[in-house]
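Visitor: One structure is given below, represented as structure tokens, and several questions about it will come after.
The values are calculated or read from the model by the stated rules, or taken from the named source; none is laboratory data. Since this is a predicted model, take the numbers as computed values, not measurements. Note: ideal-geometry Cβ built from the backbone for every residue, glycine included; neighbour counts use all protein chains shown.
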Amino acid sequence: MTLKGFFPATVMPDRDWWAALWPDPSSVLRSLGIQPGMTVVDLCCGDGFFTAPLAKIVGGKVYAIDIDWQMLDRARAEAVRQGASVAAWICGDARDVAQLVPEPVDYVLIANTFHGVPDKTWLAHAVAKVVKPGGCFTVVNWHLLPREHTTVLDEPRGPTTVMRMSPDQVRAAVEPAGFQLSCVVELPPYHYGAVFLRLRSRQSAAAAPAESR
């Protein structure tokens, strides 16, 4: 069952197994191009696994958005525990990001949620409205592997096999909104980050070449 307002197959799991996957979330973020001084949106932030490390890297200018107040409360508590300052905790629908965030931003991160978005290109268009030209929209996704092959703490984890997306499928969904794939970053053991640049003109980047690493 999907709770009202939630994207399918995106309910937040136990924090313990995120830490088992990525014991150093700051290094994951840096590999995705997060830098000091950026203004960042942590879209669908959940319990804040990435939010506090984001805020500590960039210097506090992070807007954390989730549709669940309980998740936001947990994320806020974790930020306090880590001594991280977050610009705003915003309860709202990810598809309203352009209305929820009060300024253009350098970077939007969505982790482990994009696979469940019903209209992915529509969400990418919404993100494009808040990202500065030349800024980044990064989608962290599970690799297109059978679910039984992606075990964490001895159990299969992640969305169903049929919901998983390849980087090319993510590219096909995001680029029509005015983005260009910059690189695909491997995030072992089971994830990748597809990093897109917002074009200065809002045209499709379907024919533009992309790099992987």
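Visitor: Which one is surrounded by the most Cβ atoms within 10 Å (Cβ to Cβ), of the residues in region 1-30 that are assigned to a loop (DSSP other than H, G, I, E, B) and modelled with pLDDT of 90 or more?
Guide: Out of the qualifying residues, it is TRP22.
Visitor: Filter region 87-125 down to the residues that are charged (D, E, K, R) and outside any loop (DSSP other than H, G, I, E, B), then identify the one that is surrounded by the fewest Cβ atoms within 10 Å (Cβ to Cβ).
Guide: Taking the candidates together, the pick is ASP96.
Visitor: Now a separate question. Determine whether region 140-159 contains at least one residue that is surrounded by 18 or more Cβ atoms within 10 Å (Cβ to Cβ), of a type in the set (S, T, N, Q), within 18 Å of PRO188 (Cα to Cα) and touching a His at 6+ places or on another chain (Cβ under 7 Å).
Guide: Looking through region 140-159, at least one residue is surrounded by 18 or more Cβ atoms within 10 Å (Cβ to Cβ), of a type in the set (S, T, N, Q), within 18 Å of PRO188 (Cα to Cα) and touching a His at 6+ places or on another chain (Cβ under 7 Å).
Visitor: Can I ask one more? Taking GLY33 and the conditions (1) more than 21 Å from ARG164 (Cβ to Cβ); (2) modelled with pLDDT of 95 or more; (3) not in a loop (DSSP other than H, G, I, E, B), which numbered condition does it fall short on, given that it satisfies the others?
Guide: Of everything listed in (1) more than 21 Å from ARG164 (Cβ to Cβ); (2) modelled with pLDDT of 95 or more; (3) not in a loop (DSSP other than H, G, I, E, B), GLY33 misses just condition (3).
Visitor: Can you name every residue in region 64-83 that is touching a helix residue (DSSP H, G or I) at 6+ places or on another chain (Cβ under 9 Å), surrounded by fewer than 18 Cβ atoms within 10 Å (Cβ to Cβ), part of a helix (DSSP H, G or I) and of a type outside the set (Lys, Arg)?
Guide: Across region 64-83, the qualifying residues are GLU78, VAL80, GLN82.
Visitor: Among what's in region 165-200 and is part of a loop (DSSP other than H, G, I, E, B) and in contact with a helix residue (DSSP H, G or I) (Cβ under 6 Å, 6 or more places away or on another chain), pick the residue that is surrounded by the most Cβ atoms within 10 Å (Cβ to Cβ).
Guide: GLY178
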